[in-house]
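Right, one structure below, let's go through it.
The values are calculated or read from the model by the stated rules, or taken from the named source; none is laboratory data. In this text, all values refer to a predicted model and were calculated from it rather than measured experimentally. Glycine gets a Cβ as well: all are built from the backbone with ideal geometry, and neighbour counts include every protein chain shown.
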Amino acid sequence: MYIYNQNKEENPEPVEADITGTLPDWLQGTLVRIGPGIFSVGETSYNHWFDGMALMHSFTIKDGGVSHRSRYLRGDTYKANMEAKRIVVSEMGTMAYPDPRKNIFSKFITFLNHAVPDFTDNCGANIIQYGKDFYATSETNYIRKINPETLETLDKVDYLKYLPLNVVSSHPHYDKEGNAYNMGTSIADKAKTKYTIFKVPAGTNAEDTTPVLKNMEAVCSIPCRSLLSPSYYHSFGMTDNYFVFIEQPYKLDILKMATAYMRGVNWSSCLKFHPEENTLIHLIDRKTKKEVLTKYYTGATVVYHHVNAFEDDGHVVFDVIAYDDNSLYDMFYLDELKQRIDPGSSSNKHYSSPKCKRFVLPLTDKESEVGEDLVKLKYTTASAVKEKDGKLLCQPEVLCGGVELPRINYDYNGKKHRFVYLTGVEMSAVATKIVKLDVETKKVQEWTAENFWPSEAVFIARPNAVEEDDGVVLTSVINTVEGEQGFLLVLDAKTLKEIARARVQAQLAMDMHGRFIPQGS
Ligand SMILES: CC1=C(/C=C/C(C)=C/C=C/C(C)=C/C=C/C=C(C)/C=C/C=C(C)/C=C/C2=C(C)CCCC2(C)C)C(C)(C)CCC1
Ligand SMILES: [Fe+2]
């Protein structure tokens with residue numbers, strides 16, 4: 001049985017894996033993955049799985065062999081907690097308080113510090129690239145540079161030094177030149193709360209050692225619907241000419257947040273879903289840096305992951321993983337996970353199931369009539385109906401249910417894609433399948449096997465491939481049978497048939513996201 005809240009060990013020395021099958025000879029590089037790994041320190045523990053202190057792990061594929069290693073992210077949060085032998089830095093789902101045995105004076109100081117808090121650098125959500133550098137990231141203003149080969153923790157970088165961004169997404173996009181685009185929120189800065197899309201130029205000169213973030217620049221800003229309650233978002237979409245941003249009625253209450261510490265509640269209790277409100281869909285023209293004039297909206301929904309966005313014949317099409325509410329977050333409370341995994345569990349709480357949905361935004365609504373569906377694409381049932389006030393009410397098409405953690409062949413990002421690789425979820429917080437979705441035919445292919453929990457499926461194209469799905473899918477698989485080994489699984493992306501597996505001695509932990517770094521890059 002997999003125990004979510006058990007602290008996971010690190011194994012910093014690379015260990016060779018046992019290979020069955022044959023790895024393609026062109027597949028050379030390192031898959032670096034990250035997720036929460038430490039859930040209790042001394043007598044204190046985190047409440048939520050996302051809070052856990054980050055553990056990185058990697059599979060280095062070289063000359064037909066695979067080696068695995070893992071290391072904790074040794075940021076300031078890690079150091080402070082380890083030194084104090086208790087959790088002293090708050091995370092989204094856990095508010096940390098000073099040791100009750102400490103005197104009243106130090107308690108007071110901590111309170112003051114929390115009124116203007118310094119946030120965590122426990123960057124356990126994703127591994128991203130800016131320029132030639134790799135960073136661990138969550139969604140605060142801090143990211144942590146890492147050495148992707150040794151998994152050592154390097155410099156702490158503060159977005160706030162460059163742009164007013166209090167929260168920043170962990171899912172940037174990249175263009176062909178390697179420039180990164182990401183999105184953050186600045187809260188009540190100069191009496192304004194806004195979302196900002198920014199660019200981190202790739203940097204051209206190999207000898208240039210100035211940190212790439214020094215050159216980061218704001219591309220455009222979107223004012224927030226309300227000053228004191230910015231929406232939460234986890235990713236966004238990008239095509240050649242547009243950015244897609246979903247402003248969902250899942251919002252942070254800033255006033256509540258300011259008093260959370262004093263009231264003894266965690267920050268996530270200040271994050272609320274408002275089912276009675278709409279979801280606004282913002283389409284920003286990358287050339288003019290302005291929103292298009294047409295207003296798009298849909299019903300209340302919660303989206304974490306965008307799949308892809310592209311332009312087609314006067315429309316912007318985008319696919320996302322959408323939920324009916326915010327119950328995903330609640331599902332990952334560690335107490336809740338304990339109950340749900342236990343077969344004798346009495347927990348029968350309802351959780352909204354993730355669905356892959358397609359939205360279509362018509363780019364022109366001239367000479368159209370109220371009540372008209374402006375989507376003219378033959379291949380989708382998604383609609384966008386003009387309302388009396390001129391706004392377009394968008395209804396998505398459901399492409400597939402029970403899937404999350406979408407990945408595509410990233411060469412198709414911003415372009416019309418056909419295939420999506422996902423994890424299949426049946427039992428709430430557990431992925432039991434790898435799913436390949438053909439968005440054209442809606443057919444799915446699956447890889448699944450008893451007792452195995454695969455992670456996010458990362459697609460890697462064969463060099464010089466012509467077809468979109470010519471390549472492999474990599475996933476780190478947990479073996480839930482006591483004493484048996486987990487492995488890196490290599491699937492043929494065309495058929496989802498197993499090509500090879502690399503069994504590792506170390507116990508694999510459930511993680512969030514990862515990035516494949518080809519050798520020599
Ligand atoms: C700065 C700031 C702050 C802080 C913040 C923080 C601390 C954050 C963190 C954050 C984070 C840290 C986040 C994260 C997120 C994540 C997510 C959103 C995820 C998702 C996931 C999913 C979707 C899952 C999936 C899965 C898995 C993983 C396994 C298997 C199964 C499944 C598939 C289900 C505040 C607000 C206070 C205030 C203002 C400012
Ligand atoms: Fe994510």
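One table, with the values for the structure above:
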quantity: Enumerated strands (runs of 3 or more DSSP E) restricted to the stretch 361-436, each holding at least 3 residues that are within 16 Å of ligand 1 (Cβ to nearest atom); calculated: 403-407, 419-425
quantity: Selected residue (criterion: nearest to Lys415 (Cα to Cα)) from residues of the stretch 152-176 that are within 12 Å of ligand 1 (Cβ to nearest atom) and assigned to a strand (DSSP E or B); calculated: Val168
quantity: The stretch 37-54, residues that are in a strand (DSSP E or B) and among the hydrophobic types (A, V, I, L, M, F, W, C); calculated: Ile38, Val41, Met53, Ala54
quantity: Positions within the stretch 4-29 being more than 23 Å from the chain's Cα centre (by Cα) and aromatic (Phe, Trp, Tyr), in sequence order; calculated: Trp26
quantity: Inter-residue pairs, beta-carbon under 8 Å, first under 23 Å from Tyr351 (Cα atoms) and in the stretch 382-407, second surrounded by fewer than 16 Cβ atoms within 10 Å (Cβ to Cβ), 6+ apart; calculated: Glu397/Thr381; Leu399/Lys442; Cys400/Lys442; Gly402/Glu426
quantity: Qualifying residues in the stretch 176-202 (those that are touching a residue at least 60 places away in the same chain (Cβ under 8 Å) and in contact with a Cys (Cβ under 7 Å, 6 or more places away or on another chain)) - the one nearest to ligand 2 (Cβ to nearest atom); calculated: Ile197
quantity: Residue satisfying all of: in the stretch 437-446; in a strand (DSSP E or B) and of a type outside the set (Val, Ile, Thr); surrounded by the most Cβ atoms within 10 Å (Cβ to Cβ) among these; calculated: Leu437
quantity: Condition met for Thr150 (in contact with a helix residue (DSSP H, G or I) (Cβ under 8 Å, 6 or more places away or on another chain), touching a residue at least 40 places away in the same chain (Cβ under 8 Å) and among the β-branched types (Val, Ile, Thr)); calculated: no
quantity: Count of residues meeting criterion [surrounded by fewer than 19 Cβ atoms within 10 Å (Cβ to Cβ) and in contact with a His (Cβ under 9 Å, 6 or more places away or on another chain)] in the stretch 180-197; calculated: 1
quantity: Search result, residues across the stretch 492-515 that are away from ligand 2 (no atom under 16 Å from the Cβ) and in contact with a Leu (Cβ under 8 Å, 6 or more places away or on another chain); calculated: Lys497, Glu498, Ile499, Ala500, Arg501, Ala502, Val504, Ala509
quantity: Residue check for Ile143: within 16 Å of ligand 1 (Cβ to nearest atom), under 18 Å from Arg515 (Cα atoms) and surrounded by fewer than 23 Cβ atoms within 10 Å (Cβ to Cβ); calculated: no
quantity: Residues (among the aliphatic types (A, V, I, L, M) and touching an Asp or Glu at 6+ places or on another chain (Cβ under 7 Å)) located in the stretch 480-501; calculated: Leu489, Leu491, Ala493, Leu496, Ile499
quantity: Matching residues, the stretch 146-175, being more than 17 Å from Gly514 (Cβ to Cβ), more than 16 Å from ligand 2 (Cβ to nearest atom) and hydrophobic (A, V, I, L, M, F, W, C); calculated: Leu154, Val157, Leu160, Leu163, Leu165
quantity: Wholly within the stretch 277-331, strands (runs of 3 or more DSSP E) carrying at least 1 residues that are closer than 21 Å to Leu405 by Cβ and at pLDDT 95 or above; calculated: 302-312, 315-323
quantity: Test: Thr60 is within 21 Å of the chain's Cα centre (by Cα), closer than 24 Å to Pro148 by Cα, among the hydroxyl-bearing types (Ser, Thr, Tyr) and at pLDDT 95 or above; calculated: no
quantity: Failed condition for Ala509, given (1) touching a residue at least 40 places away in the same chain (Cβ under 8 Å); (2) within 21 Å of the chain's Cα centre (by Cα); (3) under 19 Å from Val403 (Cα atoms); calculated: (3)
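For every residue, the table says whether it meets (1) within 16 Å of ligand 2 (Cβ to nearest atom); (2) closer than 26 Å to Tyr97 by Cβ; (3) polar (S, T, N, Q); (4) touching an Asp or Glu at 6+ places or on another chain (Cβ under 9 Å).
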{"residue": "Tyr233", "(1), (2), (3), (4)": "yes, no, no, yes"}
{"residue": "Met238", "(1), (2), (3), (4)": "yes, no, no, yes"}
{"residue": "Ile246", "(1), (2), (3), (4)": "yes, no, no, no"}
{"residue": "Arg263", "(1), (2), (3), (4)": "no, yes, no, no"}
